[in-house]
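Read the figures in this text as sums done on the coordinates, not as results from a lab. Model, not experiment: these values are computed from the prediction. As a convention, Cβ positions derive from the backbone with ideal geometry for all residues, glycine included, and neighbour counts pool all protein chains shown.
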Amino acid sequence: MSVITLTSDYGLVDHRVASMKGKILSWSEEVKVIDITHNITSYNLLQTAYIVRNAYKFFPEGSVHIIAVDSFYHKSRKNILAKIDGHYFISADNGITNLMFFDIKPEAIYEITLNNRFDDKVIFPATEIFVPAAMHLYKGGLPEVIGRKIKTIKDVSFPRAIYNENERMIIGEVMYVDNFGNVVSNISRKFFEKYASISGNFTVKFRNIVLSKIMDQYTDVVTDWEREQEFHGKSSVIFNDADLLEITIYKGSVLNGASSLFGMSTGEKIYVEFE
């Protein structure tokens with residue numbers, strides 16, 4: 001059975017998340033509503049894209065994902081419904097769809113026309129537009145009933161990692177910092193292996209740090225489990241569960257993780273140099 005997921009930058013202090021859930025339950029008390037997160041940094045689409053992209057695939061096919069980030073209504077900005085990879089995604093047309101699915105072609109995209117009945121007076125689109133659209137789909141309704149097909153949406157893209165042939169290096173950058181302070185880059189395992197298979201030995205460089213090995217898992221830095229505590233704070237590089245190159249501190253946190261200890265934030269350069 002499909003579910004409805006909620007992602008927002010609303011936080012949990014105000015009434016907004018409860019309002020969304022209440023609106024859903026007023027339509028049907030049987031709906032399964034799952035929070036992905038409501039702690040997105042205000043208007044941060046890149047953070048949203050990373051989290052939702054890596055979460056949605058674990059939900060049943062046909063699930064409906066409401067993304068209420070940077071979602072304030074304006075008559076000049078569409079609200080859209082995209083069917084991608086067997087799932088439905090509802091959001092404002094702010095670029096989030098292309099950020100999430102730069103490598104997957106949507107099956108169909110619709111401009112949600114529910115807002116036409118509000119005569120452009122929409123105060124809270126999450127409850128006035130997103131929830132009604134989600135419930136329509138959840139109950140098996142066709143997207144054509146609540147929207148019209150469109151071909152183009154706002155295109156926002158994050159820089160992709162590149163390979164510099166003259167320098168024999170991959171140049172990437174930080175795209176996300178997680179709750180443990182781990183620094184996630186835009187260098188995918190597939191992109192790395194393409195050049196590693198040709199060039200052989202390599203070093204990962206960022207700031208003034210140089211690492212020459214990519215670990216298979218976070219605990220690989222521990223060489224003697226009897227003295228595991230002595231390895232707390234040790235840095236390493238891995239490919240995380242999203243298959244992206246990640247700089248991590250063993251048993252780190254947002255206060256003493258890779259981001260804070262190395263002073264790294266979104267946009268910072270990361271290099272993989274091949275010998």
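Over the C-alpha trace of segment 4-149, radius of gyration and Dmax come out as 13.8, 38 angstrom.
Taking 25 Å as the limit for the C-alpha separation, the pairs Lys121/Lys154; Lys154/Lys194; Lys57/Lys251 exceed it in the case of Lys154/Lys194; Lys57/Lys251. Given the options Asn164, Asn208, Asn179, state which has the largest fluctuation in a GNM of the chain using a 10 Å cut-off (strictly under) for Cα springs. So, out of Asn164, Asn208, Asn179, the one fluctuating most is Asn208. When the chain is treated as a GNM with alpha-carbon contacts under 10 Å, the residue of Arg77, Arg227, Arg148 showing the greatest mean-square fluctuation is Arg227. Take every DSSP beta bridge whose two residues both sit in segment 37-140, then give the antiparallel share in percent to the nearest 5. In segment 37-140, DSSP labels about 75 percent of beta bridges as antiparallel. In sequence order, segment 35-48 has phi-based couplings of 7, 7, 6, 10, 9, 4, 4, 3, 6, 7, 6, 5, 4, 4 Hz under the Karplus curve 6.51 cos²θ - 1.76 cosθ + 1.60, θ = phi - 60°, and Gly or Pro positions carry x. 3J(HN,Hα) along segment 19-27: 5, 4, 5, x, 5, 4, 5, 5, 7 Hz, from the Karplus curve 6.51 cos²θ - 1.76 cosθ + 1.60 with θ = phi - 60°, whole Hz, x for Gly and Pro.
Restricting the count to DSSP beta bridges whose residues both fall in the chain, what percent are antiparallel, rounded to a multiple of 5?
Numbers: 39 of 53 bridges.
Roughly 75 percent of the beta bridges in the chain run antiparallel, per DSSP.
3J(HN,Hα) along segment 139-153: 7, x, x, 7, x, 4, 6, 10, x, 10, 5, 10, 9, 10, 9 Hz, from the Karplus curve 6.51 cos²θ - 1.76 cosθ + 1.60 with θ = phi - 60°, whole Hz, x for Gly and Pro.
Between segment 226-240 and segment 176-197, the C-alpha centres lie 18 angstrom from each other. Pairs of Cα atoms nearer than 8 Å and 6+ residues apart set the relative contact order; for segment 4-149 it is 25 percent.
The tail of the calculated P(r) for the chain beyond 32 Å holds 34 percent of all Cα-Cα pairs. Near Asp35, the amide H atoms lying under 5 Å from its own belong to Leu6; only residues 5 or more places off or on other chains count, and H is placed 1.01 Å from N. Per-residue ellipticity at 222 nm computed for the chain from its helices equals -5500 deg cm²/dmol, with DSSP H segments shorter than 4 residues left out and the rest contributing -39,500 (n - 2.57). Between Ala242 and Thr203, the modelled labels are 2.8 nm apart [label points 7 Å from Cα along Cα→Cβ]. The relative contact order of the chain comes to 16 percent, based on Cα pairs under 8 Å that sit 6 or more residues apart.
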